[in-house]
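No value in this document is a laboratory result; all are computed from the given coordinates. These numbers were taken from a predicted model, which means no experiment stands behind them.
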Amino acid sequence: MENYQPQTSQPQASVGPLKESIRDMVRLQRDYQLSDELFWEIFNARVLLNEQIDINEFVRDLNIAPARA
């Protein structure tokens, strides 16, 4: 009897950057008060296009203060 080993549709190498980009977006949402339009603009670049964006530097350039709890 043969052992069945399913193959993944995407290589494992792409999982790390995707998780990192999702973590960046969660941190962005948690730490900064952004408009919906700006959040989705950053989401498109960081997650969908997988661009390497330094979230802190990006927000600093926009002069957006961190949210206070």
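Couple of notes before you dig in:
- Taking 0.36 nm per residue of sequence separation and removing the Cα-Cα distance, the Asn44/Leu62 pair yields an extension gain of 4.7 nm.
- Size descriptor for the range 14-61, Kirkwood hydrodynamic radius: 10.7 Å (Cα pairs only, one decimal).
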